[in-house]
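Colleague: I'd like to ask some things about the structure below.
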Amino acid sequence: PEARVWQRIAAERLVPFVSYWSGAGRASCRFCVFSTPDMWATTRQIAPQAFERIATLERQFGITIHRKESVTQRADRGTPFPVDPEWVRLANSTTWDIPLFTDQWVLPPGAFRRGGGPS
């Protein structure tokens with residue numbers, strides 16, 4: 001169960017991955033086909049240039065990642081998660097430059113949040 005996973009992560013003092021601190025309930029590709037509208041809205045907010053590249057490719061090719069909606073339509077239906085600027089910086093970084101362990105472990109906002117799936 002998910003609760004046991006989070007208990008184990010806390011017991012080991014591991015810093016949860018940045019996607020959970022960004023509000024997502026799962027760790028996967030930034031532009032995952034299973035992203036919820038809220039995840040798309042958050043991605044558009046924290047990585048606008050990368051988001052626009054995906055939206056442009058959808059328009060160019062006339063095909064969308066989601067079966068029925070464009071990423072823009074999905075993001076428009078969502079509400080961005082509140083994300084601390086330091087986690088935005090780390091999410092957009094190519095390196096993990098913070099410690100892997102912490103003595104002040106906190107459950108991240110994405111824990112126990114529905115992560116999306118096939119639609």
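The values are calculated or read from the model by the stated rules, or taken from the named source; none is laboratory data. Note that this is a predicted model, so its numbers are computed, not measured. All Cβ positions, even for glycine, are placed from backbone atoms using ideal geometry, and neighbour counts span all protein chains on display. Keep in mind that these areas ignore ligands, DNA and RNA; they rest on the heavy atoms of the full protein, side chains included. Shrake-Rupley method; radii C 1.70, N 1.55, O 1.52, S 1.80 Å.
Colleague: For segment 1-42: of the residues being outside any helix (DSSP H, G or I) and β-branched (Val, Ile, Thr), which is modelled with the lowest pLDDT?
Modeller: Here is the first cut: in segment 1-42, the ones outside any helix (DSSP H, G or I) are 1, 12-17, 22-36.
Retained after the next criterion (residues that are β-branched (Val, Ile, Thr)): 15, 33, 36.
Working: 15: 97, 33: 87, 36: 91.
Result: 33.
Colleague: Between a residue in segment 1-26 that is at positive phi and surrounded by fewer than 17 Cβ atoms within 10 Å (Cβ to Cβ) and any residue that is of a type in the set (Phe, Trp, Tyr) and in a loop (DSSP other than H, G, I, E, B), which pairs come within a Cβ distance under 6 Å, given they are 6 or more apart or on different chains?
Modeller: Going by the 6 Å Cβ cut-off, the qualifying pairs are 13/105.
Colleague: Then there is this: Between 85, 99, which is over 23 Å from residue 7 (Cβ atoms), modelled with pLDDT of 95 or more and not hydroxyl-bearing (Ser, Thr, Tyr)? Lay out the reasoning, then the answer.
Modeller: Numbers: 99 fails: over 23 Å from residue 7 (Cβ atoms).
One residue alone meets the criteria, 85.
Colleague: Exactly one condition in (1) in contact (Cβ under 8 Å) with a residue 12 or more places away in the chain; (2) within 18 Å of residue 31 (Cβ to Cβ) is not met by residue 103; state its number.
Modeller: Exception for residue 103: condition (2).
Yes/no per residue for (1) within 28 Å of residue 103 (Cβ to Cβ); (2) of a type in the set (Ser, Thr, Tyr); (3) under 10 Å from the mean Cα position of the chain (by Cα):
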{"site": "1", "(1), (2), (3)": "yes, no, no"}
{"site": "27", "(1), (2), (3)": "yes, no, yes"}
{"site": "31", "(1), (2), (3)": "no, no, yes"}
{"site": "36", "(1), (2), (3)": "no, yes, yes"}
{"site": "45", "(1), (2), (3)": "no, no, no"}
{"site": "58", "(1), (2), (3)": "no, no, no"}
{"site": "69", "(1), (2), (3)": "no, no, no"}
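Colleague: Being over 11 Å from residue 74 (Cβ atoms), part of a helix (DSSP H, G or I) and touching a residue at least 24 places away in the same chain (Cβ under 8 Å) is the filter; apply it to segment 43-60 and report the residue that is least open to solvent (accessible area, probe 1.4 Å).
Modeller: The extreme case among them is 46.
Colleague: So, one more: Within segment 74-113, can you find the residues that are open to solvent by 80 Å² or more (accessible area, probe 1.4 Å) and either touching a Leu at 6+ places or on another chain (Cβ under 8 Å) or charged (D, E, K, R) (or both)?
Modeller: If the condition is that a residue be open to solvent by 80 Å² or more (accessible area, probe 1.4 Å) and either touching a Leu at 6+ places or on another chain (Cβ under 8 Å) or charged (D, E, K, R) (or both), then 76, 77, 84, 86, 89, 96, 97, 100, 101, 103, 113 are the ones that fit.
Colleague: Residue check: is residue 67 out of contact with any His (no Cβ under 8 Å at 6 or more places or on another chain), among the basic types (Lys, Arg) and either open to solvent by less than 60 Å² (accessible area, probe 1.4 Å) or at pLDDT below 95 (or both)? Explain how you work it out, then say what you get.
Modeller: Values: out of contact with any His (no Cβ under 8 Å at 6 or more places or on another chain): yes; among the basic types (Lys, Arg): yes; either open to solvent by less than 60 Å² (accessible area, probe 1.4 Å) or at pLDDT below 95 (or both): yes.
Considered against the rule, which asks whether it is out of contact with any His (no Cβ under 8 Å at 6 or more places or on another chain), among the basic types (Lys, Arg) and either open to solvent by less than 60 Å² (accessible area, probe 1.4 Å) or at pLDDT below 95 (or both), residue 67 comes out as yes.
Colleague: Within segment 42-65, is even one residue out of contact with any helix residue (DSSP H, G or I) (no Cβ under 7 Å at 6 or more places or on another chain) and closer than 21 Å to residue 107 by Cα?
Modeller: Within segment 42-65 (the criterion being out of contact with any helix residue (DSSP H, G or I) (no Cβ under 7 Å at 6 or more places or on another chain) and closer than 21 Å to residue 107 by Cα), the answer is yes, since at least one residue qualifies.
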